[in-house]
Amino acid sequence: MAKWLIRRFLLLIFVLWGITTLTFIIIAAVPRNPAIAMAGSQSSPEQIEKFNKRWGLDKPLAVRYYEFYAYLLQGDMGTSIRTERPVALEMRNFFPATFELATVSVVLSFLIGVPLGIVAALKRNKWPDQVTRFVSLIGVSTPNFWFGLIILLVFYYLLGGVGPGRVTSAAYEPTRITGLYLIDSLVTGNWSSFVDCLRHIIMPAFALGFFGIGIVTRMMRSSMIDTLSKDYIKAARARGLSLFRVITNHALRNSLIPVLTVIGVLYGAYLGGVIVIEVVFSWPGLGNFAYNSILKSDHPAIMGVVLVISIIYSLVNLVVDVLYRYLDPRIKF
Amino acid sequence: MDSIVSIRGLKKYFPVKSEALFGKTTWNKAIDGIDLEIQRGEALGVVGESGSGKTTLGKLILGLHAPTEGTIDYRGHDTGRMQSSVVFQDPFSSLNPRQTVFDIVKEPLESVRGTRRGQGFRQTILDILNLVGLSEEQMFRYPHEFSGGQRQRIAIARAIVAKPLFIVFDEPTSGLDVSVQAQILNLLKELKGNSDLSYVFISHNIGVVKYICSRIAVMYRGKIVETSGNQELFDNPLHPYSQHLLSAVPVIDETRMSKIIEFEAKAADEAAVSNGCIYYSKCPIRRDICREKPPQRFDATEGHSVYCWARELDQR
């Protein structure tokens, strides 16, 4: 296990190196100068030259590539051209919001999808199954930006619920500890803040998680049907074990493995693909930051975002692999 | 002898949906009117060709299917004892892959004693594992670390540990190598001994049933056509289907080789079968009445009953 972990971490370093290199090449290949994006198309050649010199854009590509890693190894991700703040600091500011949103979405997908899948599997081809399958089909096939807009239209514009953003006003922001508002407000015992944050996160989390609910439901349903057909389930029933205990003791863990795979992929996708939803809901997270950075060709910021998302994605998948071992003793590392 | 399970007029029909959009649903009559008693302490064999409804009957007895019609009465149940358990054919699907042998065998004990604490379980489990031929160091391994025969031993340990009234064995040796089959059969016979545990032993292999069982029921297309004591059935099979089935058992004896009953399905309209005897179209000794009325139970001798008009009319 320890050996396997070390190997995985070494592999992770290679993966991160590959991803950042690719991103670096893509950024270099895009014929768009951050100087124009930042200083405007009317700026004089002297201004652009000064800008390039200031941000090190006048150096050869190879030098810039080398410097990126040289600074990175010292924990310095560079400085954002757009905000003129260190990228590492921006990551610390924006990442918790995204992490919180993606996590709540994944938890929603799991907590709603798994029971729905179980019910559908147990009531196979009866009406609860048909309804569930229809809902999950909608979840899987609805683009999340559109779903997000509909949610905003109905619950914010028409019904007058809470609006976009993480909190109603700065007064509701909890004292910053982890940057995860839900946790910070709980830890500091700030109830009004907790409730406000919860109300704000529900809509974007649901818009983001609807796809996941659909997919988890489908996976859970088919996996559960598969498990329920196994003889050890029938044997347990034949011994007089109640349906509830058969499911909790035997069926659930065995059918969770494919669901777990999906959850891992979903989590990564949420963390990375959260951009659209964050823009729709004005969520001050990594996605929003990435969106603005890309608009302004903010090279250091883009590199930072890609790096952080890659790390998180890899770590999530690592955790999923470890969980496999727990769920299925046949899987060995 | 007192009966622990009493089956009356049992029917199980499965719907067969037509491929056509508004096609009619037809019914697959897996079990079509069965009366049967399971006595305390007996080893009852159920034989028949595939598709005869043996497995469905086993599942109905275990409560894994709800009957379409008819009743199954369970008697003689006392607390602290499990009603029923089962050993299936495929030992690779019948054990939960994420439980150790210890957990697998412990669970029936827990559900009977109604406790989740492992007080005194360890010794009981160890005894049972030794009984079925497994050792202590194998106790905390997972099913995938065992061979098919060993897995079947685990399944048997799980089936007997909580002292059930009866165990249904659904082709327990069919999935195993021939050499292992013999070991498992000996084990089952040994475990049964003179205990008051009842076996319902489902198999298409007459030799296996003959070895294990004290009484045998022959099934054909969802019906029991003959029930008899073990030796009696082999000495004096009454139903033409039983005779055909027994004659098909390979025997290393040249004088008997020639006696395999060859029969061809006589050209009979299948429609006649729906009213009369299910074996009508193939029967070498059929009468006119077989076409019109289904045969009733006829007790030829004590403990030997057959569903056949010809036999009944002959003896009158």
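Bear in mind these aren't lab numbers, they're just calculated from the coordinates by the rules spelled out. Predicted model only: the values in this text are computed from it and were never measured. Here the Cβ is made from the backbone with ideal geometry for all residues, glycine too, and neighbour counts use every protein chain on show.
Just to be sure I understand: with springs between alpha-carbon atoms less than 10 Å apart, which residue in A:ALA238, A:ALA28, A:ALA88 has the highest mean-square fluctuation in the Gaussian network model of chain A?
A:ALA238
Evaluate E = 1/(1 + (r/R0)^6) for A:ASP58 and A:ILE311, where r is the Cβ-Cβ distance and R0 equals 35 Å; express this FRET efficiency to the nearest 0.05.
0.70
Can you tell me the FRET efficiency between B:VAL178 and B:ASP2 if r is taken as the Cβ-Cβ distance and R0 is 41 Å, rounded to the nearest 0.05?
The computed FRET efficiency comes out at 0.65.
Using the Cα centre of region A:100-233 as the reference point, and only Cβ charges (+1 on K/R, -1 on D/E), how large is the resulting charge dipole? Debye, rounded to the nearest 20. If you can, show how the numbers build up before the last one.
Working: 10 positive and 7 negative charges, 93 e Å.
Magnitude of the dipole: close to 440 debye.
From the C-alpha coordinates alone, can you work out the Kirkwood hydrodynamic radius of region A:2-73, in Å?
For region A:2-73, inverting the mean 1/r across all distinct Cα pairs yields 14.5 Å.
Please return the longest range in chain B lying between exposed loop sites, taking GluC sites (Glu not before Pro), DSSP loop only, at most 11 other beta-carbon atoms within 10 Å, and leaving the sites out.
Value returned for the longest uninterrupted segment is B:20-261.
Within the P(r) computed for region B:91-241, what percentage of the Cα pairs occupies the region above 21 Å? Display every interim value, and only then the final one.
Details: 5635 of 11325 pairs.
Everything past 21 Å amounts to 50 percent.
Distances over 18 Å make up what percent of all Cα-Cα pairs in region B:175-239?
Cα-Cα pairs in region B:175-239 separated by more than 18 Å: 41 percent.
Normalising by the residue count of region A:95-327, find the relative contact order in percent from Cα pairs under 8 Å and 6+ residues apart. The partial results should precede the final answer.
Values: 294 pairs, mean separation 67.8, N = 233.
Once divided by the residue count of region A:95-327, the mean separation gives 29 percent.
Cα-based count: Lys pairs in chain A below 19 Å, eight or more positions apart or different chains?
The result is 6.
Using a 7 Å offset from the Cα along the Cα-to-Cβ direction at both B:GLU136 and A:ALA29, what is the distance between the two label points in nm, to one decimal?
6.7
Take every Cα pair under 8 Å in region A:166-284 that's 6+ residues apart, average their separations, divide by the length, and report that relative contact order as a whole percent.
Relative contact order here is 25 percent.
With the dipole of chain A worked out from charges on the C-beta (+1 for Lys and Arg, -1 for Asp and Glu) around the Cα centre, which of A:SER310, A:PHE211, A:ILE81 lies farthest toward the positive end?
So the residue furthest toward the plus end is A:PHE211.
For chain B, can you list the cysteines whose C-beta has no other cysteine C-beta under 4.7 Å from it?
B:CYS213, B:CYS283, B:CYS308, each lacking another Cys Cβ under 4.7 Å.
Using only the Cα atoms of region A:244-304, what are the Rg and Dmax in Å?
18.4, 57
Subtracting the Cα-Cα distance from 0.36 nm times the residue separation, let me have the gained length for A:THR142 to A:LEU323 in nm, one decimal.
62.2 nm
Once chain B is represented by equal point scatterers at the alpha-carbon sites, with solvent omitted, what log10 I(q)/I(0) does the Debye formula produce at q = 0.12 Å⁻¹?
-0.88
Using the Cα centre of chain B as origin and beta-carbon charges of +1 (Lys, Arg) and -1 (Asp, Glu), tell me which of B:TRP309, B:GLY23, B:ASN194 is placed farthest towards the positive end of the dipole.
B:GLY23
Taking +1 at the Cβ of each Lys and Arg and -1 at the Cβ of each Asp and Glu, which of A:TRP55, A:LEU149, A:PHE99 sits farthest along the dipole of region A:29-150 towards its positive end, judged by Cα position relative to the Cα centre?
Towards the positive end, the residue furthest out is A:LEU149.
If you consider only alpha-carbon coordinates, what radius of gyration and Dmax does region A:1-150 have, in Å?
For region A:1-150, the Cα radius of gyration and maximum Cα-Cα distance read 23.8, 73 Å.
For the residue pair A:ALA2 and B:GLU69, what label-to-label distance in nm results when each label sits 7 Å from Cα along the Cα-to-beta-carbon direction?
7.0
Where the centre of each part is set by its Cα atoms, how far does region A:31-73 sit from region B:18-62, in angstrom?
80
Using just the alpha carbons, could you tell me how many Å³ per residue the convex hull of chain A encloses?
With only Cα atoms used, chain A gives 182 Å³ per residue.
What's the magnitude of the charge dipole for region A:2-73 around its Cα centre, counting Lys and Arg as +1 and Asp and Glu as -1 at the beta-carbon? Answer in Debye, nearest 20.
The dipole magnitude comes to about 380 debye.
No solvent, one uniform scatterer per C-alpha: report log10 I(q)/I(0) for the protein assembly as shown via the Debye equation at q = 0.06 1/Å, two decimals.
-0.54
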